[in-house]
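Engineer: Let me give you the structure first, and then I'll get to my questions.
The values are calculated or read from the model by the stated rules, or taken from the named source; none is laboratory data. Predicted model, so just to flag it, every value in this text is computed and none were measured. For neighbour counting, all protein chains shown are included, and Cβ atoms are generated from backbone atoms with ideal geometry for every residue, glycine included. Ligands, DNA and RNA are stripped out before the accessible areas are found, and what is left, the full protein with its side chains, is counted by its heavy atoms. Shrake-Rupley method; radii C 1.70, N 1.55, O 1.52, S 1.80 Å.
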Amino acid sequence: MLAEPATATAVPTVQEQNAGRPRRAALRHLLIPAALAAVLAALYLWVSGQRLDSIERRTLNSDYIIARVVEHLRLTGLAVLLVVVIAIPLGVLLSRPAARWLSPFVLGLANLGQATPAIGLLVLLTIKFGVGFRIALIGLVAYAVLPVLRNTMVGVQQVDRSLVEAARGMGMTRAQVLIRVELKLAIPVILAGLRTSLVMAVGVATLATFVNAGGLGDIIVNGIKLNRTPVLLTGSVLTACIALLIDWLGGVAEDALRPKGV
């Protein structure tokens, strides 16, 4: 008896696989904002259904909440901007062969800023310099600089040396090789570090309330001190949603800025 011929399994082509990626990415990118919107809507409906006393109404009103959110985003955004300005050029410099001997010292200093508990770092700063927005900003930068600095160094150093030599052979200067080849290929790693710093900054910024710098920490601390669950839950959920939203934006940026083929 003759054996029946095996049925051939259709294997999707590379073009078919690549065609499905944008749809999957779009679905993934739309899922998180939709979930966050649902959580915020549920929080609003739950708080609206509570019988708030006069103390809770002083905190849970649109003017107060919007002001605290703006303060939180302002502190986080300015801190991460300073981290980018400091960490990326420094990471590039430390990735150069002539400056690599400095890497252990600089990384050790950055590790010290992150290893110190954030509240302890703020306390040390207030003892010397007082309280206010500037103190919270310094503490936040010291705490968030390590991921961007380390990932910049790793991203640049892991670029294939043969690509660098090929670019030099094409007549590019060292600066052109750095900008057009090394930094371009290091973008995914650098963005991953920046994404981590952003999420960390959102969480740590809640401690700014202890140095009179405002933010969503004001709402959370009010809920704890006054033993008001709606206030505490509102501050906590808003902070978590902002952190997740920023992490989502970082993921979108990574996909958009990633060099083709990487």
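Engineer: Kindly indicate which of N227, N222 is in contact (Cβ under 8 Å) with a residue 24 or more places away in the chain, farther than 19 Å from L78 by Cα and not β-branched (V, I, T). Lay out the reasoning, then the answer.
Structural biologist: Working: N227 fails: in contact (Cβ under 8 Å) with a residue 24 or more places away in the chain.
It is N222.
Engineer: Give the range 230-248 a look and list any residue that's hydrophobic (A, V, I, L, M, F, W, C) and touching a residue at least 24 places away in the same chain (Cβ under 8 Å), or say none. Spell out how you get there, then give the answer.
Structural biologist: Looking only at the range 230-248, we keep the residues that are hydrophobic (A, V, I, L, M, F, W, C), and these are 231-233, 237-238, 240-246, 248.
Hits for the range 230-248 are V231, L233, V237, L238, C241, I242, A243, L244, L245, I246, W248.
Engineer: Something else now. Is it true that L102 is within 20 Å of A192 (Cβ to Cβ) and without any contact (Cβ under 8 Å) to a residue 24 or more places away in the chain? Lay out the reasoning, then the answer.
Structural biologist: Values: within 20 Å of A192 (Cβ to Cβ): no; without any contact (Cβ under 8 Å) to a residue 24 or more places away in the chain: yes.
So L102 does not fit the description; no.
Engineer: I'd like to know if the range 148-164 contains one or more residues that are β-branched (V, I, T), within 21 Å of T209 (Cα to Cα) and open to solvent by 60 Å² or more (accessible area, probe 1.4 Å).
Structural biologist: No: the range 148-164 contains no residue that is β-branched (V, I, T), within 21 Å of T209 (Cα to Cα) and open to solvent by 60 Å² or more (accessible area, probe 1.4 Å).
Engineer: Further question: Can you tell me which residue among G235, G215 is within 23 Å of the chain's Cα centre (by Cα) and not in a helix (DSSP H, G or I)?
Structural biologist: That would be G215, the only listed residue that is within 23 Å of the chain's Cα centre (by Cα) and not in a helix (DSSP H, G or I).
Engineer: I would also like to ask the following. Go through the residues of the range 143-159 one by one and say whether even a single one is free of Cβ contacts under 8 Å to residues at least 60 places away in the same chain and among the hydroxyl-bearing types (S, T, Y).
Structural biologist: no
Quick grid of which residues meet (1) exposed (fewer than 14 other Cβ atoms within 10 Å of the Cβ); (2) more than 20 Å from G77 (Cα to Cα):
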residue: A166; (1), (2): yes, yes
residue: R174; (1), (2): yes, yes
residue: L183; (1), (2): no, yes
residue: A201; (1), (2): no, no
residue: F210; (1), (2): no, no
residue: A213; (1), (2): no, no
residue: V231; (1), (2): no, yes
residue: A240; (1), (2): no, no
residue: D247; (1), (2): no, no
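Engineer: Given the criteria over 20 Å from A253 (Cβ atoms), small (G, A, S) and at pLDDT below 90, does A186 qualify?
Structural biologist: Here the answer is no, as A186 does not meet what is asked.
Engineer: Scan the helices (runs of 4 or more DSSP H) fully inside the range 23-116 and keep the ones with 1 or more residues being modelled with pLDDT of 90 or more and of a type outside the set (S, T, N, Q). Break it down stepwise before answering.
Structural biologist: Values: elements: 54-59, 62-95, 103-115.
Filter on the range 23-116 gives 62-95.
Engineer: I'd like the full set of residues that are closer than 18 Å to V154 by Cβ and either surrounded by fewer than 17 Cβ atoms within 10 Å (Cβ to Cβ) or without any contact (Cβ under 8 Å) to a residue 40 or more places away in the chain (or both), limited to the range 107-135. Give the derivation first.
Structural biologist: Just the residues of the range 107-135 that are closer than 18 Å to V154 by Cβ, to begin with: 107-111, 114.
Of everything in the range 107-135, those that are closer than 18 Å to V154 by Cβ and either surrounded by fewer than 17 Cβ atoms within 10 Å (Cβ to Cβ) or without any contact (Cβ under 8 Å) to a residue 40 or more places away in the chain (or both) turn out to be L107, G108, L109, N111, Q114.
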